[in-house]
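Data block below; observations after.
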Amino acid sequence: MAEEKMTGSSEPQPKKRRIVSIFKWTAFTLVIIMLAGTAFAAGVYFKIFDLQHIGKQWGLDKYPLIGQYFEQPRTNFETVEGNTTEEEPAAMQTSSEQSMPQQPVQSQTPVQTPSGSAPNLQQNGMNQQTVLDKEKLEKARLQEETKRAGKLAGYYSNMKPEEAAAIMNELDDHTVLAILNKMEPDQAAQILAKFSAQRAATLTDQMFKGRPNTVL
C-alpha cells in the first residue's frame, strides 16, 4: 500500500515540471519579443533604421493592414499636381507675352525752359513781396498817425480858437490839416478863421484837392 502511494504521488511531478518549464520559456520568449520591439522602436525613433527602405525591401507596403504606414511606390502614369499647377500659369504667361505686339519705346525728352525764366520769376516774386511789405508799412504808419492826430485834436478842441491858431501857425501844413480833419467842423472853422488870409487859403486849397499822405 505504501509503495502504491509513493508511485501515485511521483507520477504528477514530471507534468508539473513540464508546465513550469513551458511557462518559463513562454515568459522568456515574451520578454525577448518585448525587448526586440522596444529596441526596434528606439531605432526607428532615433532614425537608426530606415523604415521606408525596410518596407520596400521586404514588401511590407503590399500587406493590407501595415501597408498603409509605408509609402506607396509611384508609377509613370501618376501625375504630380504641384508641377502641373505651377507650370500651367507660366506657360500661359509666356504665350500671352508672345501674342501681344511690342510697342515702340518712346524717348522722353525733358522740357527745356529758357535759362533766364527762372531768375526772372524769382525776381518778380521778390518785387511783389517788397511792394506788399511797403504797403503794410505805409498802412501801419497812417494808422499810428491817425491816432496821434485824433489825440492832438482833442487837446486843441479844449483851447480857445485864438490860442489854438497861434500854436498851429508855427506848424507845417501837413500837421495842421491832420489835426483839423479830426476836429468838429465848427471848431475847425473857428481856428481856421484866426489864421491869416493867405495861410487859411493855402490850407483850404490843400483840404479841397486832398494832399497826399494827409490823414483824413
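Structural remarks
- The range 182-193, residues that are touching a residue at least 24 places away in the same chain (Cβ under 8 Å) and surrounded by fewer than 18 Cβ atoms within 10 Å (Cβ to Cβ): E184, Q187, Q190, A193
- Residues located in the range 149-172, provided they are over 14 Å from E184 (Cβ atoms), of a type in the set (A, V, I, L, M, F, W, C) and part of a loop (DSSP other than H, G, I, E, B): L171
- Candidates in the range 148-181 are the residues that are within 60 Å of the chain's Cα centre (by Cα) and surrounded by 12 or more Cβ atoms within 10 Å (Cβ to Cβ); of these, the one that is farthest from L192 (Cα to Cα) is R148.
Every number here is computed from the coordinates shown, using simple stated rules; none is lab data. It should be emphasised that the depicted structure is a prediction, and the values quoted were computed from it without experimental measurement. Don't worry about glycine lacking a Cβ; one is built from the backbone with ideal geometry, like all the others, and counts go over all protein chains shown.
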